[in-house]
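The values are calculated or read from the model by the stated rules, or taken from the named source; none is laboratory data. What you are looking at is a predicted structure, and each value in this text was computed from that prediction instead of being measured. A quick note on method: Cβ atoms are made from the backbone with ideal geometry, for glycine too, and the neighbour counts reach across all protein chains shown. Note: areas computed on protein heavy atoms with side chains; ligands, DNA, RNA excluded. Shrake-Rupley method; radii C 1.70, N 1.55, O 1.52, S 1.80 Å.
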There are 2 protein chains.
Amino acid sequence: MSLNSERTTVRREPHRGVYDRETIHAILDAGFVCHMGFVHDGHPFVIPTSYWRIDNDLYVHGSSASRMLRNLAAGLEVCVTVTHIDGLVLARSAFNHSVNYRSVVVLGKGTPLETDEEKIAALRAFTERLAPGRWNEIRYPNAQELKATSVLKVPLTEASAKVRQGPPEDDADDYALSCWAGVVPFETVVGPAERDPKLREEISAPRYVEQYSGPRR
Amino acid sequence: MSLNSERTTVRREPHRGVYDRETIHAILDAGFVCHMGFVHDGHPFVIPTSYWRIDNDLYVHGSSASRMLRNLAAGLEVCVTVTHIDGLVLARSAFNHSVNYRSVVVLGKGTPLETDEEKIAALRAFTERLAPGRWNEIRYPNAQELKATSVLKVPLTEASAKVRQGPPEDDADDYALSCWAGVVPFETVVGPAERDPKLREEISAPRYVEQYSGPRR
């Protein structure tokens, strides 16, 4: 199923545009920080914020007191962009240098979750997405914390992905040049867990920390 | 020297706001892909694109034919945001979970570089930033390619950084809980170089590929 619209059709390098739901979901699920764009007083603003996906909705959360969240809750239009950088593409000509990446652009409006039950279910899904099992180990949000937290969902009804992978594509004549060409790949890895210095000594790291398998960027 | 303005003052978690030029430059120099926000027909758009810094200007480039670049060249206001995700902060309460990150938000307008000499100097600086020595090995842009490439600079006169690092900060009562707390750190590493399958066998990887030391995200 395509999530595309006229506004989300990839215009530059249109062969890189991808519109099926599976690809868009997979790119979203590989990350947890998006860049959210909105218009305030006619000016563009782009703020990094965490996100997660449940079914065909994207979720963001934040302080109920924040300007961004208040504006979003009031129905402000947003553009949510998620990008994974996979490598530097070194071509034989300056012009054909490129970047390997996977990105998704979502256009839409946020709807605030109204009830505590809805908020808790969404926050639980986010926590479990990052660290399966953690929700049952932490202190749940109390009434005051829930009130201070806005959770919004943006439907994934108008979205597109753009993907570039693989080696450089040089002009035919340039393949004769004596210049190295290829890709310098990047990967985000998990370092050794850093214990809170205030953590009691007898508490050892759970499996979801020792073998972290959630999104990394 | 501060690059701050009223519009770039960090409002949420104001203690995380950083405004000195050195910090802002260091965060920008650690990356090469930004998220550029702009307003088109009243709608917000956020597009990932590569960037680089020279002195107190940020540069972006792209196809002269692209809608985004044409609008930028015409003086459209932009918000350029650069974010590095350093780790997942696992607190004892759901509410105090966080992310370690370094981000910069730049507000301003782009000015197109007019002459071929200016464009070439800027593109050379970008290439050398990523791969020192490569500019003298590749085929330089020809007249047609230069014409097809727009290079814009955005002055770093209105910018702020926001940084969170370190362990979780829990509520006093929560330190008694038997829950692991700490940081799962992320790092972007360089994988083994992937040679272009069409690369002639006798061409070996240069030092800037074998020991890549440029920005990774």
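Got a number for residues in segment A:10-19 being of a type in the set (Val, Ile, Thr) and either open to solvent by 50 Å² or more (accessible area, probe 1.4 Å) or in a strand (DSSP E or B) (or both)?
So in segment A:10-19, the residues of a type in the set (Val, Ile, Thr) come out as A:10, A:18.
Still in the running and either open to solvent by 50 Å² or more (accessible area, probe 1.4 Å) or in a strand (DSSP E or B) (or both): A:18.
Qualifying residue count for the region: 1.
Give the residues of segment A:187-201 that are out of contact with any helix residue (DSSP H, G or I) (no Cβ under 8 Å at 6 or more places or on another chain) and either at the interface with another protein chain (Cβ under 7 Å from one of its Cβ atoms) or of a type in the set (Val, Ile, Thr) (or both), sorted by residue number. Spell out the reasoning first.
Step one: filter segment A:187-201 for residues out of contact with any helix residue (DSSP H, G or I) (no Cβ under 8 Å at 6 or more places or on another chain), giving A:187-192, A:194-197, A:199-201.
Result: A:Glu187, A:Thr188, A:Val189, A:Val190, A:Gly191, A:Glu194, A:Arg195, A:Asp196, A:Pro197, A:Leu199.
Tell me yes or no: at least one residue of segment B:33-55 is over 17 Å from B:Leu72 (Cα atoms), without any contact (Cβ under 8 Å) to a residue 40 or more places away in the chain, surrounded by fewer than 22 Cβ atoms within 10 Å (Cβ to Cβ) and away from every other protein chain (no Cβ under 12 Å).
The answer is yes; a qualifying residue exists.
Go through A:Leu146, A:Leu152 for me and flag whichever is in contact with a Leu (Cβ under 8 Å, 6 or more places away or on another chain), of a type in the set (A, V, I, L, M) and at pLDDT 95 or above. Quick ask: steps written out before the conclusion?
Working: A:Leu146 fails: in contact with a Leu (Cβ under 8 Å, 6 or more places away or on another chain).
Just a single option satisfies the conditions, and that option is A:Leu152.
Output the residue which, of all residues in segment A:163-186 that are within 8 Å of chain B (Cβ to nearest Cβ), in contact (Cβ under 8 Å) with a residue 60 or more places away in the chain and open to solvent by 40 Å² or more (accessible area, probe 1.4 Å), is nearest to B:His84 (Cα to Cα).
Going through the qualifying residues, I end up with A:Pro167.
Out of the residues in segment B:137-146 that are within 11 Å of chain A (Cβ to nearest Cβ) and not acidic (Asp, Glu), state the one that is surrounded by the most Cβ atoms within 10 Å (Cβ to Cβ). Write out each step before concluding.
Of all residues in segment B:137-146, those within 11 Å of chain A (Cβ to nearest Cβ) come to B:137-142, B:144-146.
Imposing the further condition that a residue be not acidic (Asp, Glu) reduces the set to B:138-142, B:144, B:146.
Values: B:Ile138: 22, B:Arg139: 18, B:Tyr140: 14, B:Pro141: 19, B:Asn142: 13, B:Gln144: 9, B:Leu146: 19.
So the residue we want is B:Ile138.
Tally the residues that are within 14 Å of B:Gly108 (Cβ to Cβ) and not aliphatic (A, V, I, L, M), restricting the search to segment B:74-95.
Residues in segment B:74-95 being within 14 Å of B:Gly108 (Cβ to Cβ) and not aliphatic (A, V, I, L, M): 4 in total.
Could you pull out the residue among A:Ser213, A:Ser160 that is under 22 Å from A:His25 (Cβ atoms), more than 8 Å from every other protein chain (Cβ to nearest Cβ) and open to solvent by less than 20 Å² (accessible area, probe 1.4 Å)? Talk me through it step by step, then tell me what you get.
Details: A:Ser213 fails: open to solvent by less than 20 Å² (accessible area, probe 1.4 Å).
After ruling out the rest, the residue left standing is A:Ser160.
Looking at B:Glu22, B:Glu6, which one is without any contact (Cβ under 8 Å) to a residue 12 or more places away in the chain, within 12 Å of another protein chain (Cβ to nearest Cβ), open to solvent by 10 Å² or more (accessible area, probe 1.4 Å) and more than 25 Å from A:Val82 (Cβ to Cβ)?
B:Glu6 is the lone residue from the list that is without any contact (Cβ under 8 Å) to a residue 12 or more places away in the chain, within 12 Å of another protein chain (Cβ to nearest Cβ), open to solvent by 10 Å² or more (accessible area, probe 1.4 Å) and more than 25 Å from A:Val82 (Cβ to Cβ).
Quick one: in segment A:74-96, which of the residues that are of a type in the set (Ser, Thr, Tyr) and open to solvent by less than 20 Å² (accessible area, probe 1.4 Å) is nearest to B:Pro141 (Cα to Cα)?
A:Ser93
So is B:Tyr175 closer than 30 Å to B:Ser93 by Cβ, at pLDDT 95 or above and of a type outside the set (Asp, Glu) or not?
Considered against the rule, which asks whether it is closer than 30 Å to B:Ser93 by Cβ, at pLDDT 95 or above and of a type outside the set (Asp, Glu), B:Tyr175 comes out as yes.
Being touching a strand residue (DSSP E or B) at 6+ places or on another chain (Cβ under 8 Å), part of a loop (DSSP other than H, G, I, E, B) and among the hydrophobic types (A, V, I, L, M, F, W, C) is the filter here; which residues of segment A:183-215 pass it?
Result: A:Ala193, A:Leu199, A:Ala205.
Out of the residues in segment B:76-97 meeting the condition of being more than 7 Å from every other protein chain (Cβ to nearest Cβ) and within 21 Å of the chain's Cα centre (by Cα), tell me which one is farthest from A:Gly31 (Cα to Cα).
This residue is B:Leu76.
Please verify whether segment B:125-136 includes one or more residues that are free of Cβ contacts under 8 Å to residues at least 60 places away in the same chain, within 11 Å of chain A (Cβ to nearest Cβ) and surrounded by 19 or more Cβ atoms within 10 Å (Cβ to Cβ).
Yes, because at least one residue in segment B:125-136 is free of Cβ contacts under 8 Å to residues at least 60 places away in the same chain, within 11 Å of chain A (Cβ to nearest Cβ) and surrounded by 19 or more Cβ atoms within 10 Å (Cβ to Cβ).
Taking the conditions exactly as written (of a type outside the set (D, E, K, R), more than 18 Å from B:Thr49 (Cβ to Cβ), surrounded by 21 or more Cβ atoms within 10 Å (Cβ to Cβ) and in contact with a Gly (Cβ under 6 Å, 6 or more places away or on another chain)), does A:Val154 satisfy them or not?
When the stated conditions are applied, A:Val154 passes them.
Please verify whether A:Ala121 is touching a residue at least 12 places away in the same chain (Cβ under 8 Å) and either of a type in the set (Gly, Ala, Ser) or facing another protein chain (nearest Cβ under 9 Å) (or both), treating the condition exactly as stated.
No.
Please enumerate the residues belonging to segment B:195-205 that are crowded, with 17+ Cβ neighbours inside 10 Å and closer than 20 Å to A:Asp86 by Cα. Steps first, answer last, please.
Within segment B:195-205, the subset crowded, with 17+ Cβ neighbours inside 10 Å is B:195-196, B:199, B:205.
Of everything in segment B:195-205, those that are crowded, with 17+ Cβ neighbours inside 10 Å and closer than 20 Å to A:Asp86 by Cα turn out to be B:Arg195, B:Asp196, B:Ala205.
Scan (1) assigned to a strand (DSSP E or B); (2) of a type outside the set (Phe, Trp, Tyr); (3) touching a Gly at 6+ places or on another chain (Cβ under 7 Å) for the single condition B:Pro48 breaks and write down its number.
Failed condition: (3).
Under 6 Å by Cβ, and 6 or more places apart or on different chains, what pairs join a residue from segment B:140-155 that is over 14 Å from B:Thr127 (Cβ atoms) with one that is in a loop (DSSP other than H, G, I, E, B)?
B:Ala148/B:Ser64; B:Ser150/B:Ser64; B:Leu152/B:Gly110; B:Val154/B:Gly110
Going by what's in this entry, would B:Gly37 be described as under 10 Å from the mean Cα position of the chain (by Cα), modelled with pLDDT of 95 or more and not hydrophobic (A, V, I, L, M, F, W, C)?
Here the answer is no, as B:Gly37 does not meet what is asked.
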